[in-house]
Structures are given as C-alpha cells and as structure tokens.
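For reference, the structure discussed in these notes is given below.
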Amino acid sequence: RDWIANFDTTHYVVGSVVGPHPYPEIVRDFQRVIGKETKRQILAKEKKLPNYLIACVGGGSNSIGLFQPFYKDKGVKFIGVEAGGVGINTLKHSATINRGSKGMLHGSFSYLLQDRYGQITETHSVSAGLDYPGVGPEHAFYKDTGRAEYVYATDKETLEGFHILSESEGIIPALESSHVIGWLIKNKKRFKRSDVIAVCLSGRGDKDVAEVASIEGAM
C-alpha cells in the first residue's frame, strides 16, 4: 500500500530474480550458493558434472541459483518446471514461459501472463510459491537462447510427486519442488540410467502437509 501511495519515494523489491536492475542480479548472486555447492558435491561424488539440472520455476530464484554456476558448462542441460495448474490450455495455471508473452512487469521486460491489452491475468498453482504471473528476465534470456528448456507439471502430477518422494525417501518436498518430482516421474523414459540428474528441492514440505490433505480431501 505504501508503494502505491508513495511511488516517488518508495521502491517495491520482490523476493525473487524479478524487478528492475540490479535486483534480479543481486538475488541471483546470493542464490548462486545453490549451484556452487551442487557442483562441488556432485564432482566429489560422481567425479563428473551432471547431465541435467532440474528445478521449479515461478519467479525463478532457486532455479537461477542452481543453473547460473553451470552456465558455461555446455554439456549440462537445464530444465525448469513451471506450474501447469489444472492444465496449460485452461486459464488456471502459472506456466509463464510456456504460455506467456513478452511484456513489462515490476520494472523488467520478460515473459508474462497477460491479456491483449497488457493487463496481468489471473494465475493458479497448487503451490503458492509458483503462483506468479511473470518470470525473471534471465530465464527469458535462457529460453530465447535455448540454454534452458522449460516444461510444466500439473497440480495432479505435483501431488503424485509429493507422495512418492515422501513415501520412498522420507523426504517431504515443498509443493514447489514437487513439480519437479512429478514431471520427472511422468517423463522418466526420456532419460538414461547412466544420466546424472541433480534436482533442486527448494524447500521442506512440512508446511504443505495440511494443504495437501485439504486439497485431496476436496478432490
């Protein structure tokens, strides 16, 4: 409210790699610790770089943090998983890169979910953290240059991923990260057994257990 009422003296800083320069760069550089630690640990364990890095994408901070330290490693493929919601051919999703168009939001030019007048449209995701109508401009660059592939997982696939990881590994993933697990399960045949795949679990799902129970109780 303060930002809207006092835009001459107030700046709105979003907690992701979005907004005007230099904020996307600042957040990315802090989040790079994700990719740096991943590179160090996977080299120690596998003695080689991963074939794939896969992370969920809303605004895109955790995924940029994972991807960026590997940017020059061309043999490492990046896959970002967006929130497909009820389906990307409906209006109930947050698949900004898959279904959006280029425009301005929060001071940066990127892909948005917008109507023909440039007005932001409603978004939907089973996870609050991916329920955002834009994406960081560096992701737009990765998409346009082909450095990263952007896919999506539906709410149903996400919930399946949530359950499978929880029950098989005892790790309760956040619903945001569950999009990655759900997409991997659906698309497992595209990978080889020898592939080294690093998945970013961007948060714990303890906070989401009640939400999952509520959603599945209503289904």
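Tabulated data for the structure shown
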item: Residue that is surrounded by the most Cβ atoms within 10 Å (Cβ to Cβ), among those in the range 89-101 that are in a loop (DSSP other than H, G, I, E, B) and in contact with a Phe, Trp or Tyr (Cβ under 6 Å, 6 or more places away or on another chain); result: ALA95
item: Cβ pairs under 7 Å, 6+ apart, first in the range 107-131 and free of Cβ contacts under 8 Å to residues at least 60 places away in the same chain and under 11 Å from GLY85 (Cα atoms), second small (Gly, Ala, Ser) and in a loop (DSSP other than H, G, I, E, B); result: none
item: From TYR117, TYR150, residue being under 18 Å from the mean Cα position of the chain (by Cα), of a type outside the set (Gly, Ala, Ser) and either over 25 Å from THR10 (Cβ atoms) or surrounded by fewer than 16 Cβ atoms within 10 Å (Cβ to Cβ) (or both); result: TYR150
item: Some residue of the range 47-66 being charged (D, E, K, R), closer than 27 Å to ARG190 by Cα and over 15 Å from the mean Cα position of the chain (by Cα); result: yes
item: Condition check for GLY85: touching a residue at least 24 places away in the same chain (Cβ under 8 Å), on the phi > 0 side of the Ramachandran plot and under 17 Å from the mean Cα position of the chain (by Cα); result: yes
item: Residue in the range 75-88 that is among the β-branched types (Val, Ile, Thr) and buried (at least 23 other Cβ atoms within 10 Å of the Cβ) present; result: yes
item: In the range 1-22, the residues that are of a type in the set (Phe, Trp, Tyr) and without any contact (Cβ under 8 Å) to a residue 40 or more places away in the chain; result: TRP3, PHE7
item: Among (1) out of contact with any Ser or Thr (no Cβ under 7 Å at 6 or more places or on another chain); (2) surrounded by fewer than 20 Cβ atoms within 10 Å (Cβ to Cβ), the one test that GLY65 misses; result: (2)
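Residue-by-condition table, conditions (1) in a strand (DSSP E or B); (2) within 21 Å of SER194 (Cα to Cα); (3) of a type in the set (D, E, K, R); (4) out of contact with any helix residue (DSSP H, G or I) (no Cβ under 9 Å at 6 or more places or on another chain):
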residue: LYS36; (1), (2), (3), (4): no, no, yes, no
residue: PRO50; (1), (2), (3), (4): no, yes, no, no
residue: SER63; (1), (2), (3), (4): no, no, no, no
residue: GLN68; (1), (2), (3), (4): no, no, no, no
residue: LYS72; (1), (2), (3), (4): no, no, yes, yes
residue: PHE78; (1), (2), (3), (4): yes, yes, no, no
residue: GLY84; (1), (2), (3), (4): yes, no, no, no
residue: GLY103; (1), (2), (3), (4): yes, no, no, yes
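Read-outs: derived from the displayed coordinates by stated rules, not from any lab. All values reported here derive from a predicted model rather than from experimental measurement. In this analysis, Cβ positions are derived from the backbone assuming ideal geometry, glycine residues included, and neighbour counts consider all displayed protein chains.
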